[in-house]
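Below you'll find the structure, written out as structure tokens, and then a few comments.
The values are calculated or read from the model by the stated rules, or taken from the named source; none is laboratory data. All values reported here derive from a predicted model rather than from experimental measurement. Positions of Cβ are backbone-derived with ideal geometry, glycine not excepted, and every protein chain shown enters the neighbour counts. These accessible areas exclude ligands, DNA and RNA; they are computed on the full protein's heavy atoms, side chains included. Shrake-Rupley method; radii C 1.70, N 1.55, O 1.52, S 1.80 Å.
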Amino acid sequence: RHAGGRAVRSACCSARAATMSDTNSVSAAGSTGPPGSPPADDMSVRLKGLPFKASEADIVAFFTGFHLDPTECIQLCRHADGRPNGEAFVQFKSASEARRATLKDRQTFAQEKFGSRYVRVYPASFTTAAMAQAHIGTNPDKLTDSVVRVKSLPFAASQLDIIRFFKDYRLKANGVQVVVRWDSKPTGEAFIDFETAFEAACAIAEKDFAVFDAERFGDRYVRIAPASRSEMHATLALRFAGEGILKMKGLPFRAAAHDVRVFFDGYAVRDGGVTLILHANGQPTGMAFVEFAAPAEAVRAMDRNRTRFGPEYGDRYCVLQLVGRREIDKVAGTAMLLQHEQPRGGSGAAAAAAFVHGDGAQRHGGPG
């Protein structure tokens, strides 16, 4: 394991100079310091939240008074299409300088050019930047979707445990999907959706073969590999025994079932498949269940996660979550009401909204 890890890292480091030359993102490629000096990884920081128009000169000015490595100085990070992603790696002459540089975390960056905008400064690996860029350069199709697959997770690991493991990386909302069997038992795998492909590549470079929470789970390491979004969708379609249900949060209170259908225009929502969740007094909770014609359709509809509900509702967006029918039963077992959409084509009393109370009794025409 360790020999293989060193071989992979050595290969990635060898590709670093070529990667830096190809992207023109660094000042130069050179040595990592004299013999006996701290490893290069201890002499670097990672900047996040940079203005997209920030230059290397702006970063040098930001670190005025610090001793930067003259041979390996700055690497501006970019998306796979070449656009800046607001991040950079900076290497210093010593580990102590790099540690001192982290004290500039949350300080304003080039205020005269970009206003009162602050950046985050973290300890980081300069080698990781080149490894990640090399990974994107050689595997553009694999990392287009910014998704990775984690294997060998402890069965007791929760979503929160995984989020903590990746705490130094930017994940999308609902970006952790634990893979479970038909009986809801974990398989030891999960999909992680990062904000950018570069962020995913950095996670692979730094976290593959890393120990997962040694205090709780012992000396257990995990494997991390690129995954396509279609692979994630196909796997998650089986997660809840093929039930094809999404839970919506953040609905405008005046939204009706029809508005939910408009939100999912282009997706196959089952006839009568929208269920609004109400408080016991009949007031809306801003949540709903949506059942789709097929499990894969529900997974595909996750692309609408954190998108605006509609122009008439301003900047209000909805959060979506894949759930099973057990979640509906759990809500039905509380004091809340479930307002079921009636199948299209109904008339009269049959077309009225049906409400199921927590006691299991069904009422028509509205709460009260």
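GluC sites (Glu not before Pro) within the range 223-308: which are DSSP loop residues with at most 12 other Cβ atoms inside 10 Å?
none
Could you work out the relative contact order of the range 86-126, using alpha carbon pairs under 8 angstrom and six or more residues apart, expressed as a whole percent?
Answer for the range 86-126 is 40 percent.
For the range 153-283, what is the accessible area per residue in Å² when the probe is 1.4 Å?
Averaged over the residues of the range 153-283, the accessible area is 46 Å².
List the relative contact order of the range 182-315 as a percent without decimals, with contacts defined as Cα pairs under 8 Å and 6+ residues apart.
With pairs under 8 Å counted, the relative contact order is 22 percent.
How far apart, in nanometres, would the label points at ARG223 and LYS185 be if each is projected 7 angstrom from Cα along the Cα-to-Cβ direction?
My value for the distance between the label points is 2.1 nm.
Out of the range 161-214, which chymotrypsin sites (Phe, Trp or Tyr not before Pro) are coil in DSSP terms and have no more than 10 other C-beta atoms within 10 Å?
Here the chymotrypsin sites (Phe, Trp or Tyr not before Pro) that fit, given the DSSP loop and packing criteria, are TRP182.
Expressed as a whole number of Å, what is the distance separating the alpha-carbon centroids of the range 78-122 and the range 252-276?
44 Å
If each residue of separation counts as 0.36 nm, what is the full-extension length gain between ASP303 and ASP208 once their alpha-carbon separation is subtracted?
Here the answer is 31.5 nm.
Please compute the Cα-Cα pair-distance distribution of the range 203-275 with 5 Å bins starting at 0, giving whole percents from short to long.
Bins of 5 Å from zero give 3, 11, 14, 13, 13, 12, 11, 7, 10, 5, 0 percent of pairs.
Work out, step by step, the length gained on full extension between THR64 and PHE52: first 0.36 nm times the residue separation, then minus their alpha carbon distance; give nm to one decimal.
Length gained between THR64 and PHE52: 2.3 nm.
In terms of solvent-accessible area of protein heavy atoms at a 1.4 angstrom probe, what is the ranking of THR307, THR108, THR64, THR275, highest value first?
THR64, THR108, THR307, THR275
Compute the distance in nm between two label points, each set 7 Å from the Cα along the Cα-to-Cβ direction, one at GLU231 and one at GLN283.
Modelled inter-label distance: 4.8 nm.
Label points 7 Å out from Cα along the Cβ direction at LEU103 and ARG216: separation in nm?
3.4 nm
Suppose R0 equals 22 Å. What FRET efficiency, 1/(1 + (r/R0)^6) with r the Cβ-Cβ distance, do LYS330 and GLN159 give to the nearest 0.05?
With R0 = 22 Å, the Cβ-Cβ based efficiency is 0.80.
How do LEU50, LEU171 stack up against each other in accessible area, from largest to smallest, with a 1.4 angstrom probe?
The ranking, largest first, comes out as LEU171, LEU50.
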